[in-house]
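Here's the structure we're looking at; comments come further down.
The values are calculated or read from the model by the stated rules, or taken from the named source; none is laboratory data. Remember, predicted model here, so these are calculated numbers, not experimental data. The area values use the complete protein model at the heavy-atom level, side chains included, leaving out ligands, DNA and RNA. Shrake-Rupley method; radii C 1.70, N 1.55, O 1.52, S 1.80 Å.
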Amino acid sequence: MLHEIGNDERFLQKIMFCDEVTFHVCGHVYSQIVRIWGAENPHASVECERSTPKVNVGCDLMHDNVISPFLFVELIVMSNNYLNMLELLAVPQFPESVIFQHDDAPPHHAIIYREFLDEAFHQR
């Protein structure tokens, strides 16, 4: 990566980051991926029922480009609905020669997802 940055000063501006998060109506926060800064006690706990209503949101961010947030209708982000979001919303808006960066979430390991990325980002 340092080699690429040395060869192209705009290299980092070509990277598109993608992530998704779940917002629980009851206020539950998955502390492994979300950080909240505030004056309140950070070790306070919030009790909530299992299977409470929630909203799953995905978004793609780049240096000067934001793909609109995508609200998932399904209760769980799975490979098929994540792939639909990429095919229908995100990838058509990606600029040329973008470098697509995603995390290690389970939906990103599905064969249908990887096959789509291989086709959409040929040789990248």
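Data table
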| item | result |
| --- | --- |
| Accessible area in the full protein assembly, largest first, 1.4 Å probe, for 83, 61, 89 | 61, 89, 83 |
| Rounded accessible area of residue 108 (nearest 10 Å², 1.4 Å probe) | 10 Å² |
| Heavy-atom accessible area order for 79, 51, 97, largest first, 1.4 Å probe | 51, 97, 79 |
